[in-house]
Amino acid sequence: MQKVIQYERGLEKFKPLRNIVTYDDFDKGFNGWLDLTPNFVNADYRHYPSEVDLASWAPSMLSAAPMRFAATHGSMEGTYSLKLSTRPVADRYEQKPANGSMGVVLKRLSAFDPTMRYIQIEAWYAYTPQQDRLGFGEEDIRAFGFYFDLQDPQYRWMPGVRYVNSVNGTLTKKWQYWRVADGVTKKDWCYGREDGWQRPGVDNLWYGRRYPDGSADAFQWVPDGEQDLLYNESPDKINWLYFRLLIDYRRREYVEMQSMDRTFDLRGLAPTLTEPYKNINNLINPIFFVETDTNRSVNLFLDSVVYSTD
Amino acid sequence: MIERRVPITATFTTHPYEAGWAGEAVFFVQVEGDHPDLSVQAQISPDGLHWVNRGDPRKIAADEEIAAIELTNFGGWLRLAFTGATEQQPATVLVHIALKG
């Protein structure tokens with residue numbers, strides 16, 4: 001069979017690997033991205049008890065980015081982006097995340113290529129709080145980021161990065177990568193619980209202790225990871241930013257992250273490898289999230305996302 | 001799903017939901033367990049911050065478990081405002097929204 005391949009022009013703003021598995025432009029709908037929820041498998045469709053209410057995260061939506069005083073932004077190309085939002089509630093950084101203080105979306109995929117070496121996620125995104133009060137607003141966005149939830153035949157592992165934008169109102173603006181600090185116990189991880197299903201290295205975005213300087217059990221600082229990301233001059237103006245994370249799936253290591261005009265070399269760094277969970281072999285879930293730092297809704301807009309492999 | 005088993009004990013509004021792409025919307029409101037008579041008012045907004053009532057409020061009597069609230073020509077933003085729940089007579093509500101463009 002002779003193949004003739006013609007790529008969509010929209011892909012020119014990405015750097016995909018050899019196999020483009022999904023190219024999601026949210027002008028065409030949710031493209032299979034959905035809110036993250038726990039498993040409602042107990043009596044009366046209750047979920048497992050946990051210290052963090054995993055059913056509380058704010059819903060995602062297709063957004064034209066209409067603003068209070070500025071014009072409607074549309075998306076980077078087209079009208080709609082996928083918007084993650086939070087409810088207007090936050091605990092202090094050192095405490096466990098308040099119910100609803102995050103927005104989380106994921107796509108449920110699987111590994112299908114036994115020769116696969118690399119996996120890569122790319123996105124064009126923007127972030128802003130609601131313009132519900134006077135002020136610049138940048139310090140009200142605590143963090144946003146991306147991770148892969150993976151399980152291969154040997155391990156469950158979650159490579160990812162997050163941008164720590166603000167800690168209790170102090171701009172921080174540094175990148176972290178997902179790896180649990182040495183010596184962290186299940187009790188440390190689960191806010192004092194010794195039982196339960198949570199394991200250190202799984203669901204880093206809300207487990208583990210957090211410290212006032214922005215460090216945390218679940219994350220390590222990216223070397224030379226300070227970056228002054230573009231945030232416009234008002235909460236009702238957004239600019240579109242580029243993000244790319246490349247993972248060595250076979251070696252279970254980070255390779256590199258590109259954020260705007262900088263590429264961070266992550267080779268030699270690895271996420272935490274944990275025991276596999278039942279029934280989810282060959283799991284690949286790409287996941288984005290945003291977290292508010294104060295009692296204010298904040299948003300992460302995804303214009304488009306490309307997941308590719310090689 | 002916009003609200004997932006949220007307990008309410010006073011006036012409550014659902015998370016502002018942006019749906020400008022859709023031409024029609026149906027809110028499904030489910031109430032779990034015992035609850036007082038509730039009144040549910042659909043509201044629309046230009047920016048997710050300023051709200052105006054749309055249509056008449058829908059009553060959910062104490063012996064009812066589910067209601068549907070239909071909307072068309074709603075612009076961009078949608079939410080529901082609940083009244084009737086109190087500390088003495090709380091309610092637990094689930095709110096789905098079904099949208100078609």
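Inter-chain Cβ neighbour count for B:11-21, averaged per residue, equals 5 (cutoff 10 Å, partner chain atoms only). Sequence-ordered 3J(HN,Hα) estimates for segment B:39-55 from the Karplus curve with 6.51, -1.76 and 1.60 and θ = phi - 60° stand at 10, 10, 10, 6, 9, 10, 8, x, 9, x, 10, 10, 10, 9, 5, 10, x Hz, glycine and proline given as x.
Comparing A:LEU266, A:LEU134, A:LEU17 in a Gaussian network model of chain A, where Cα atoms under 10 Å apart are tied by springs, the biggest mean-square fluctuation is seen for A:LEU134. Under 13 Å from a point 7 Å along the Cα-to-Cβ line of B:GLU24: which residues of segment B:56-94 have their amide N that close? Counting backbone N atoms under 13 Å from the label point, the list is B:69-73. Which residues does a label at B:LYS59 reach in segment B:1-39, if reach means a backbone N under 17 Å from a point 7 Å past the Cα toward the Cβ? Answer for this model: B:35-39. The alpha-carbon atoms of segment A:1-73 define a convex hull whose volume equals 231 cubic angstrom per residue.
Take the Cα pairs of segment B:3-54, get the Kirkwood Rh, then feed it into Stokes-Einstein at 25 °C and 0.890 mPa s and tell me D in µm²/s.
Details: Rh = 13.1 Å.
Answer, rounded: 187 µm²/s.
Across A:VAL41, A:VAL164, A:VAL290, mean-square fluctuation computed from a Gaussian network of chain A (C-alpha pairs under 10 Å connected) peaks at A:VAL41.
Computed on chain B, the Cα convex hull volume stands at 79 Å³ per residue.
Once label points are set 7 Å from the Cα along Cα→Cβ at both B:HIS96 and A:ARG193, what is their separation, rounded to one decimal in nm? Those two pseudo-labels are separated by 2.8 nm. Between A:GLU12 and B:ALA68, the simple label model (points 7 Å from Cα in the Cβ direction) yields a spacing of 4.7 nm.
Compute the whole-percent fraction of alpha carbon pairs in segment A:52-157 spaced more than 24 Å apart. The calculated P(r) of segment A:52-157 puts 41 percent of pairs beyond 24 Å. When GluC sites (Glu not before Pro) are flagged only if DSSP places them in a loop and at most 15 other Cβ atoms lie within 10 Å, the longest unflagged stretch of chain A comes out as A:95-193. Among the chymotrypsin sites (Phe, Trp or Tyr not before Pro) found in segment A:237-310, those both in a DSSP coil and sparsely packed, with 16 or fewer other Cβ atoms within 10 Å of their Cβ, are A:TYR277.
For A:ALA270, the residues whose modelled amide H falls within less than 5 Å of its own, excluding neighbours fewer than 5 places apart on the same chain, are A:TYR254. Our summary gives chain A a relative contact order of 30 percent, counting only alpha carbon pairs under 8 angstrom and 6 or more residues apart. For the options A:ILE121, A:ILE280, A:ILE141, a Gaussian network treatment of chain A with springs between C-alpha atoms closer than 10 Å singles out A:ILE280 as fluctuating the most.
Using every pair of distinct Cα positions in segment A:223-309, the Kirkwood expression returns a hydrodynamic radius of 16.2 angstrom. As a size descriptor, the averaged projected area of the C-alpha convex hull of chain A was calculated at 17.0 nm². Between the listed residues A:TYR242, A:LEU84, A:VAL21, the Cα displaced farthest toward the positive end of the dipole of chain A, a dipole computed from Cβ unit charges relative to the Cα centre, is found at A:VAL21. Within 10 Å of the Cβ of each residue in B:59-65, the mean number of Cβ atoms contributed by other protein chains is 0. With unit charges on the beta carbon (Lys/Arg positive, Asp/Glu negative), name the residue among A:GLN198, A:VAL164, A:ASN232 whose Cα is farthest towards the positive pole of the charge dipole of segment A:164-258. Of the listed residues, the answer is A:GLN198.
Laboratory data are not the source of any read-out in this text; all were calculated from the coordinates shown. Note that the structure is predicted; figures quoted are calculated from it, not measured. Positions of Cβ are backbone-derived with ideal geometry, glycine not excepted, and every protein chain shown enters the neighbour counts.
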